[in-house]
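**Q** Sharing a structure here in structure tokens format.
Only the coordinates and a few stated rules stand behind these numbers; no lab work does. Small disclaimer: the values here were computed from a predicted structure and weren't measured. Here the Cβ positions follow ideal geometry from the backbone for every residue, glycine too, while neighbour counts run over all protein chains shown.
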Amino acid sequence: MICLGIESTAHTFGIGICDDKGRILANERSVYKPKKGWGIVPMEAGKHHEETRDGVLRKALEKSGKRMEDVDLITYSRGPGLPPCLYKGMEFAKNLAGENKIPLIGVNHCVAHIEIGRLTSGFKDPVVVYVSGGNTQIISFSESRYRVFGECMDIGIGNALDKFGRSVGLDFPQAPKIEQLAKKGKWIDLPYVVKGMDLSFSGIVTACLNKHKSGEPLENLCYSIQEVFFSMLTEVTERALAHLGKDQVLLTGGVAANLRLQEMLNKMAKERKGKFAVVPRELSGDNGAMIAWNGLIAHKSGQKSSRDVDSRWRTDDVDVPWVK
Ligand code: AMP
Ligand code: MG
């Protein structure tokens, strides 16, 4: 079975093609970049997706060596995400499925991040640290669903890093630039905000901006914001492992690219005699291949067709009958 998956929740319009052995045959994308000094403008991102989607489809088919006639299933990101972006993806998926008479199903973007990670790592029952632009969740399987054991209470960790970087004059995406600057910085005191199992990032961004105004070197702020954000995440992840009695940590989402975050989680997992894995970069940020793979296993386990979007669809609202 060949499945074509469409990702369009935020900045990325992606199309991935996979087969039922979990082989990724194509994973193409086009990424919307906001104007200098701006964050994502949802309507503009939607327009970007509309303008680039035909080209991304052409490239994905070319790369996979397949034609539309070879595709058995179309899947798309049904949510969560920015409504104008979700609609552009769903519309495109619906038209492709209709024109070619192929079944269509919508999948949850966060669950797709988990499933592609289970595929690449081989982990059966991990605690997943899902850190992206808009999402920050510590997730694990329990009683028929992926449950969220901890999450951000305000903005996602990637957006928090990007927002801090933008306010001090760095270009989008700012977080990788913060990672580079952090290498030359030293520790300065910042708030540390963990409440139970949940995390809050926005007050720490404000504290950094206040220190920036009073002349603190940028390198020190970059180093310290990373140390404090990633320590908070590591603390909550360790508590989830301990309470659940699990020993595998799987890191995914765009922020998973950060080497310092990988190092901290790896060290914590090893100290507990557990295992750590990070999803490869081309599959950890938003991408179409994860939507294809998740859609394929959902379809095989009997998930019904959908033709709508749900911008607030939570990870723990999704039935995952394919997980044993
Ligand atoms: P996603 O929404 O999963 O595609 O992830 C995008 C987010 O990942 C953006 O906020 C980026 O700034 C962030 N990101 C990308 N590379 C890095 C990095 N090296 N360190 C931290 N965050 C990163
Ligand atoms: Mg994502």
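**Q** If you find the alpha carbon centre of the stretch 168-183 and of the stretch 65-130, how far apart are they in angstrom?
**A** Answer, in whole Å: 30.
**Q** Residue-wise, which Karplus ³J(HN,Hα) couplings in Hz belong to the stretch 90-96, taking 6.51 cos²θ - 1.76 cosθ + 1.60, θ = phi - 60°, and x for glycine or proline?
**A** Karplus values, whole Hz, x for Gly and Pro: 5, 4, 4, 4, 5, 5, 4.
**Q** Now a separate question. For the stretch 103-177, just run the numbers: alpha carbon Rg, then divide by 2.2 N^0.38 Å, N being how many residues it has.
**A** 1.33
**Q** Okay, next question. When ranked by the protection proxy of mean other Cβ atoms within 10 Å per residue, highest first, what sequence do the peptides 25-36, 310-321 form?
**A** Order by mean packing, descending: 25-36, 310-321.
**Q** Which ³J(HN,Hα) values, rounded to whole Hz and listed in residue order, are derived for the stretch 178-183 from phi using the Karplus coefficients 6.51, -1.76 and 1.60 in 6.51 cos²θ - 1.76 cosθ + 1.60 with θ = phi - 60°, glycine and proline given as x?
**A** Each residue's phi maps through the Karplus curve to give 4, 4, 5, 5, 4, 4 Hz.
**Q** Compute the angle between helix 157-167 and the longest alpha-carbon principal axis of the chain, please, reported from 0 to 90 degrees and rounded to the nearest 10.
**A** With both axes taken from Cα atoms, the answer is about 60 degrees.
**Q** Further question: Tell me which residues come under 5 Å, amide H to amide H, from Val193 once H is placed; ignore anything under 5 positions away on its chain.
**A** Under 5 Å from the amide H of Val193 lie the amide H atoms of Ser200, each far enough along the sequence or on another chain.
**Q** Let me ask you something else. Taking R0 as 45 Å, what FRET efficiency do you get between Glu143 and Lys101 from their Cβ-Cβ distance, rounded to the nearest 0.05?
**A** 0.75
**Q** Moving to a separate point now. Output ³J(HN,Hα) for the stretch 227-244: one whole-Hz value per residue in order, computed from phi by the Karplus curve 6.51 cos²θ - 1.76 cosθ + 1.60 with θ = phi - 60°, and x for Gly and Pro.
**A** After applying 6.51 cos²θ - 1.76 cosθ + 1.60, I find 4, 6, 4, 6, 5, 4, 4, 5, 4, 5, 5, 5, 5, 4, 4, 5, 5, 8 Hz.
**Q** Oh, and also: If eta is 1.567 mPa s and T is 4 °C, what Stokes-Einstein diffusion coefficient results for the stretch 256-308, Kirkwood Rh from Cα pairs, in µm²/s? Provide the component values of the computation, followed by the final result.
**A** Details: Rh = 13.7 Å.
Rounded to a whole number, D works out at 95 µm²/s.
**Q** Using Cα pairs under 8 angstrom and six or more residues apart, how large is the relative contact order of the stretch 221-324, in percent?
**A** Numbers: 70 pairs, mean separation 23.4, N = 104.
It rounds to 22 percent for the stretch 221-324.
**Q** Can you list the equivalent-ellipsoid semi-axes of the stretch 119-282, largest first and in whole Å, using the square root of 5 times each Cα gyration tensor eigenvalue? Don't skip to the answer; put the middle values down first.
**A** Details: eigenvalues 154, 47, 40 Å².
Each semi-axis is the square root of five times an eigenvalue, giving 28, 15, 14 Å.
**Q** Give me the Kirkwood hydrodynamic radius of the chain in Å, from all C-alpha pairs, to one decimal place?
**A** 20.0
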